[in-house]
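Structure first, then comments.
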Amino acid sequence: MSERWIRSQRAAIAETGDEVLLIARDGSVRRLDGDSAELARVVLAQLAVSRSEGELVAHVESLAGPLGERRAVVVDLLRLLADSGAITAVRSEAATAAGTGGSRAIGANVVVCISGAIAATHAPALVTALQRRGHTVEIALTEAAQRFVSIDALGAIAGRELHTSLWPSRPHAPAPHVALAHWADLVVVYPASATTIGRIANADFSDLVAAVALTTRAPVVIAPSMNHAMLDAPAVQRNLEHLRADGFVVLHGVPSSEVADAPSTRVSITGAAAAPGEVAATIDALRIAGALHRRDHAVTTSPSTWDAVYRASAAGATRTDGAPLVPWASDTCDPDLAALLAAHSPGGSVARAHRLLDVGCGLGQVARHAASLGYRATATDVSEVALRLARDRAPELDITWVRDDICASALISEYDVIIDRATLHTLPRARLHAWTASIRRLLALGGVLIVKAHRDGVPNVTTGFTAESLAALLPELELVSTQDAELPGITGPAPIPSLVVVLRRRP
């Protein structure tokens, strides 16, 4: 296909009097006047959409008659405009059809999440740049972001209602962070302040932007923007490391000025988010390269795999040695856990039933036993099939069954008792901080955490623990008790040495 051209996004052209001024990337200015200026005006007017050299020559000839050897004048002008950056080449069929430069991905549903940094003033330009590339954009803002950018301006650009609260605007409407998370093909946090980065890294759902980024399974691109001293702070660097480990894509910043300083004292620093057009182009380049991935890998095995396992088990499938396909599942609660639940149960003298969360509930034996003791039980699992099978085993019990991943939990309640039976040890060590962040957020003051996990040093265990290493994950909790235990074998009939650890959050 012949090369095509289109006007670039650079502010590379000005006019004064009869002159056309071309401002090159190096700052130099080339002046065109007379017939050259008029030809430039004619050609530039045609390049609002992509045109080939032949189409441009044909248009000029329709106005001025056959060019003959003077055709070279049009070719020379195109080269001059390209050298100045006023026009750009279009080489892909997809980009040609859309009238923009460069290869491009198919338009996506993009949620732009704006937090409270000065670069939020550039967010309208990012929304426009994404729309120009064929994307449909929804916008979510933190409370602080609304101090930097006009809601009315953003709404006019987006052409749709903006989202500023965790709470729905209408009764019975879905929660905004859940609805946006499901709708999105991509989430872009631009700019990402240190506070928002901290919220996302530590599973803090108290803000709409963090809640969207944590709930979605779509790729999430984060563009940090802050003072370089803040960016270099160990806590911020730890949070960014956690985000990268969790599968978030973190864009590097660019040199800029610190607007918190007086104008006369500002110097160039790193840490600012890149220009909106550059961010939009980078996002499309990453999409085309296949570098943006859904974050379903937040668990060791994907939910669809767990669904298949539980479905096959329900149909009577077994392992090749005849053992159950899901040996960790049972119809009865483990005696050691049953004893602990009884010890912490609300009983009849407590005004309100204790709220209990069963993490990775499987077929729900722990949640069912807890409900029988008077707990208000919520049971979660990444497998919808497991939840359905668990629900069908005890339809008469008042248990809330929720599909949720504890490493990226969308739950917002606090619980008096959280119990994790055989979920924590399935996580690779890189995911442990995500588990602890959710536990830290969900466990109420005075609440009890009960964990039953494989013991450290046992073969064929993903991540084993000692009481000390498990307690070290949540140092703000006090160690109440620890005891030896066993869990069913995974690769054979022999049980796996385990331990049960009880931790309490101080009131």
Residues satisfying the stated conditions in region 440-469, i.e. assigned to a helix (DSSP H, G or I) and in contact (Cβ under 8 Å) with a residue 40 or more places away in the chain: R440, R441, L442
Name the residue, out of E55, E38, that is surrounded by 13 or more Cβ atoms within 10 Å (Cβ to Cβ), assigned by TED's automatic domain parsing to the domain that holds Q9 and closer than 15 Å to R4 by Cβ. E55
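For region 261-272, check the following and say yes or no: at least one residue is touching an Asp or Glu at 6+ places or on another chain (Cβ under 7 Å), surrounded by fewer than 16 Cβ atoms within 10 Å (Cβ to Cβ) and either at pLDDT below 90 or of a type outside the set (D, E) (or both). Reasoning before the result, please.
Start the filter on region 261-272 by keeping residues that are touching an Asp or Glu at 6+ places or on another chain (Cβ under 7 Å), which leaves 266, 269.
From the residues that got through so far, the ones that are surrounded by fewer than 16 Cβ atoms within 10 Å (Cβ to Cβ) too are 266.
Filter again for either at pLDDT below 90 or of a type outside the set (D, E) (or both), leaving 266.
Yes, because at least one residue in region 261-272 is touching an Asp or Glu at 6+ places or on another chain (Cβ under 7 Å), surrounded by fewer than 16 Cβ atoms within 10 Å (Cβ to Cβ) and either at pLDDT below 90 or of a type outside the set (D, E) (or both).
Does region 423-442 contain at least one residue that is among the basic types (K, R) and modelled with pLDDT under 90? Full working, then the answer.
Here is the first cut: in region 423-442, the residues among the basic types (K, R) are 429, 431, 440-441.
Next cut, modelled with pLDDT under 90 only: 429, 431.
Yes; the residues of region 423-442 include at least one that is among the basic types (K, R) and modelled with pLDDT under 90.
Say we look at region 389-414 and pick out the residues that are among the aliphatic types (A, V, I, L, M), out of contact with any Ser or Thr (no Cβ under 8 Å at 6 or more places or on another chain) and more than 15 Å from A437 (Cα to Cα); which of these is surrounded by the fewest Cβ atoms within 10 Å (Cβ to Cβ)?
Start the filter on region 389-414 by keeping residues that are among the aliphatic types (A, V, I, L, M), which leaves 389-390, 394, 397, 399, 402, 406, 408, 410-412.
Now drop any that are not out of contact with any Ser or Thr (no Cβ under 8 Å at 6 or more places or on another chain), which leaves 389-390, 394, 412.
Next, only the ones that are more than 15 Å from A437 (Cα to Cα) stay: 389-390, 394.
On the way: L389: 20, A390: 24, A394: 15.
The extreme case among them is A394.
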I'd like to check something: does region 61-82 contain any residue that is exposed (fewer than 12 other Cβ atoms within 10 Å of the Cβ) and under 26 Å from D284 (Cα atoms)? no
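Does region 416-427 contain at least one residue that is over 19 Å from L470 (Cα atoms) and surrounded by 16 or more Cβ atoms within 10 Å (Cβ to Cβ)?
Within region 416-427, the subset over 19 Å from L470 (Cα atoms) is 416.
From what's left, surrounded by 16 or more Cβ atoms within 10 Å (Cβ to Cβ): 416.
Checked against the condition, which is being over 19 Å from L470 (Cα atoms) and surrounded by 16 or more Cβ atoms within 10 Å (Cβ to Cβ), region 416-427 yields at least one hit.
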Might you check whether a residue that is outside any helix (DSSP H, G or I) and in contact with a Leu (Cβ under 8 Å, 6 or more places away or on another chain) occurs anywhere in region 391-401? yes
Among S150, S193, S169, which is surrounded by 23 or more Cβ atoms within 10 Å (Cβ to Cβ) and of a type in the set (S, T, Y)? S193
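The values are calculated or read from the model by the stated rules, or taken from the named source; none is laboratory data. This one's a predicted model, so the numbers in the text were calculated from it and none came from an experiment. Glycine also receives a Cβ, built like all others from the backbone with ideal geometry; neighbour counts cover every protein chain displayed.
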